[in-house]
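The values are calculated or read from the model by the stated rules, or taken from the named source; none is laboratory data. Here the structure is a predicted model, which is why all the values come from computation and not from measurement. All Cβ positions, even for glycine, are placed from backbone atoms using ideal geometry, and neighbour counts span all protein chains on display. We work out accessible area using only protein heavy atoms, side chains counted, and drop any ligands, DNA or RNA first. Shrake-Rupley method; radii C 1.70, N 1.55, O 1.52, S 1.80 Å.
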Amino acid sequence: MFTFANRHFSLSATLTIGFVAVILLGTLLLTLPISTAHGIQSSFITALFTATSATCVTGLTLVETSTYWSFFGQFVIMMLSEIGGLGFMTFMVLMFTSSRRKLRLSTQLLAQESLNLQHLSQIKLVKMIVGLSLGIQSIGAVLLSFNFYPKYGLLKGVWFGIFHSVSAYCNAGFSLFNNSIAEFQNNTYVLAILGLLILSGSVGFLVWRDLLTYHKRHHLSLHTKLSIRTGFVILVGSIFLYALTEDGFSNISPHTSVFHKIVNILFMAVTPRTAGLVTFDYTHLSMAGIFLTMILMFIGGTPGSTAGGIKSTTIGLLAIQTWATLRGQHDVNFSGRRFPRENIYRALTLVIVGFLIVSVATFVLCMTQPLAQKMGLEYIIFEVLAAFGTTGISLGLTTHLTLFGKIIIMLMMFIGRVGIFNVMYTALNAKNHQSDIRYPEEGVLIG
């Protein structure tokens with residue numbers, strides 16, 4: 001519980017307000033004339049939408065990032081993506097620990113909630129999270145700069161390398177090239193680096209901790225085991241299904257070699273998990289491919305990472321629960337451990353509430369958003385899921401959004417990044433208490 005101006009705020013409310021504060025600060029900076037390429041003050045809604053998209057590491061944009069924003073504006077977008085990706089509480093904790101000031105219990109609890117940590121003892125991971133993240137991004141920036149500077153010059157090439165390394169690792173989806181990274185469709189070197197950066201950011205900080213300390217502890221947590229196995233199944237399944245639905249990429253890019261088609265399919269299977277960097281126009285996808293992308297955007301990445309969505313462990317847990325139920329088993333077991341019922345209930349709640357939020361947003365946009373010719377229902381559903389999953393891929397509806405439509409999409413991006421539970425607890429002013437009254441139990445027919 002936090003107290004400010006004699007008012008008490010829950011941890012969820014504090015996190016939500018903190019993200020709002022970061023977005024408003026970013027909006028203020030982006031409205032400055034220095035932030036635009038032509039020195040003209042940006043409109044408030046454009047600045048707000050961009051700041052929200054950057055802080056929520058989404059990548060949906062109303063304007064072209066490379067031409068509309070100046071170097072200062074692009075730098076602001078990059079920093080918002082960094083703060084949004086790692087979590088603003090990460091930097092607050094790092095600042096306290098660097099100054100050797102003792103963290104209050106309330107601050108530790110807030111950091112624990114922000115970073116999806118299971119125990120307060122894991123607060124010590126913050127330095128590792130920041131160090132590892134900056135290290136991976138630095139390596140990515142250097143490797144990308146080697147490829148960019150011969151074409152764009154040293155300074156511009158280095159800046160492009162830094163920006164896209166941050167954007168890829170934080171799963172932000174922003175690009176300084178026209179049409180995202182379509183010009184690198186046949187550049188295996190760049191796609192491989194960006195793909196590895198995206199996977200590194202979406203794996204999750206606790207998973208990284210377990211992997212890096214395995215040589216000492218010789219043990220992986222149940223969370224890490226479930227995250228790795230579920231992520232691997234989703235990735236392999238995505239590769240196979242995209243190759244099937246898109247006929248081996250032959251329809252999208254018929255003049256690309258077989259090797260580059262395979263590379264693009266691999267990259268294509270990674271990006272819908274909240275990354276947003278794409279090598280082609282998604283309107284060229286088959287309807288089956290579009291539907292598959294929607295599912296992947298809804299799932300997202302791993303908890304405690306830079307990714308959005310309902311998270312892969314949620315799907316993995318419910319899949320195991322479903323299989324156990326169909327086999328008549330009461331307990332849900334995995335890797336020699338039994339999942340607590342609270343995990344199952346939380347996962348079910350997350351999926352149901354997520355589906356309801358997406359459905360309501362889609363319904364409202366269907367009623368209020370006029371569609372251009374050749375645009376169908378899939379454009380709206382795709383846009384909503386891209387915002388909710390903080391993916392940033394669009395079929396082209398973003399620039400056609402009305403003011404009300406932009407507000408809806410910004411809300412979806414915010415919910416997707418801050419988290420359904422945090423936002424709902426804040427909105428409903430939920431309090432963690434158990435009633436002393438328990439009613440008699442009675443079952444109902446299911447199925």
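Would you please calculate the Kirkwood hydrodynamic radius of segment 256-357 over all C-alpha pairs and express it in Å, rounded to one decimal?
Details: mean 1/r = 0.0636 Å⁻¹.
One over the average 1/r among Cα pairs gives 15.7 Å for segment 256-357.
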Check: Direction-averaged shadow area of the convex hull around the Cα atoms of segment 315-432, nm²?
Finding: 9.8 nm²
Next item on the list: Would you mind estimating how fast segment 205-310 diffuses translationally, via Stokes-Einstein at 4 °C and 1.567 mPa s with the Kirkwood radius over Cα pairs, in µm²/s?
Entry: 86 µm²/s
Check: Quick one: if you stick a label point 7 Å off each Cα along the C-beta vector at residue 187 and residue 215, how many nm between them?
Finding: 3.4 nm
Check: In square angstrom, rounded to the nearest 10, how much accessible surface does residue 331 have for a 1.4 Å probe?
Finding: 60 Å²
Checklist line | Rounded Å value of the spacing that divides the Cα centres of segment 377-420 and segment 42-87 | finding: 15 Å
Notebook entry, point to check: Which value, in Å² and to the nearest 10, is the accessible area of residue 223 when all protein chains are kept and the probe is 1.4 Å?
Noted result: 40 Å²
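Could you tell me the ratio Rg/Rh of segment 122-255? Both radii from Cα atoms, Rh via Kirkwood.
Values: Rg = 17.4 Å, Rh = 16.8 Å.
Ratio of gyration radius to Kirkwood radius for segment 122-255: 1.03.
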Next item on the list: State the Cα centre-to-centre distance between segment 265-309 and segment 157-173 in whole Å.
Entry: 18 Å
Checklist line | All-pairs alpha carbon distance profile, segment 250-314, 10 Å steps from 0, percent | finding: 21, 47, 25, 7, 0
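How far, in nm, would the chain grow between residue 44 and residue 284 when pulled straight, counting 0.36 nm per residue and subtracting the alpha carbon separation?
On the way: separation 240, 0.36 × 240 = 86.40 nm, distance 3.30 nm.
Length gained, residue 44 through residue 284: 83.1 nm.
Would you kindly state how much longer the chain becomes between residue 348 and residue 232 on full extension, computed as 0.36 nm times their sequence separation minus their alpha carbon distance, in nm to one decimal? Present the calculation step by step, with values, prior to reporting the outcome.
Numbers: separation 116, 0.36 × 116 = 41.76 nm, distance 2.19 nm.
Full extension of this stretch gives 39.6 nm more.
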